[in-house]
Amino acid sequence: MTQTVPNNTQTSNTTAMNGISGEKNGKLLKGMVVGAVVGGALAMLDKTTRKRVSSRTSNVKDSTMGMVAKVRENPSGVMNDWQDRLKTASTVLKDAITDAQSLYEKVNDDVIDQVNQVKEDSSEIIATTKEAGEELKNIGGKVREAGEEVTGDTTSSVNSSQTSTSSTATYDNSNNIHPTNRTSSVPGQVGS
């Protein structure tokens, strides 16, 4: 014979947890209220604070009493006045929203188009710079070739005479060879 046992442990655990969290929330709320009361009482110890609070309280009381008197005298007039104020406020708010939308559209049209134009221009500038760099490399290669042509014809005779004079120059200091008689590593330039 088997008996079914109801599964109430989960329900009782949830109820217990809710009771604990409810107690914590109750303690928190009580602590906040007590803290506010104590803080308010401490603030009232200052004479200027007391004067400000009493003057503001009397101003609020007077305005509230004035409003109550107006409502008692002419409730429909007050209601119409509030409706007119709300309509005016909603009209002003609609105008502000329309202005904000037009500003947003203007920013999208003008600024974003300008940003896109700057992007395109910068891309073109980069492409032009790359092309100019490649052309400079080609020009440099042609200059190097021209330098080799110029130095290639005369280098064989200059190199043979320099090798013989440089070997004597190292051993014999009586031959003062000017430094410009040496070949340079830069094409088209003589001396170092």
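Any read-out appearing in this document is the output of simple, stated calculations on the displayed coordinates, not a laboratory observation. No experiment lies behind these values; they were computed from the predicted model shown. Reconstructed Cβ throughout: ideal geometry from the backbone, glycine too, with neighbour counts over all protein chains shown.
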Based only on other Cβ atoms within 10 Å, what is the fewest-to-most ordering of Ser54, Ser76? Ser76, Ser54
Under 15 Å from the Cβ of Val118, count the other residues' Cβ atoms, weight Lys and Arg +1, Asp and Glu -1, and hand me the total. -4
Estimated distance in nm for a label pair at Gln101 and Arg72, the labels positioned 7 Å out from Cα along Cα-to-Cβ: 4.7
Which of the lysines could a cross-linker span from Lys119 if the Cα-Cα distance has to be under 23 Å and same-chain partners fewer than 8 positions apart are dropped? Lys106, Lys130
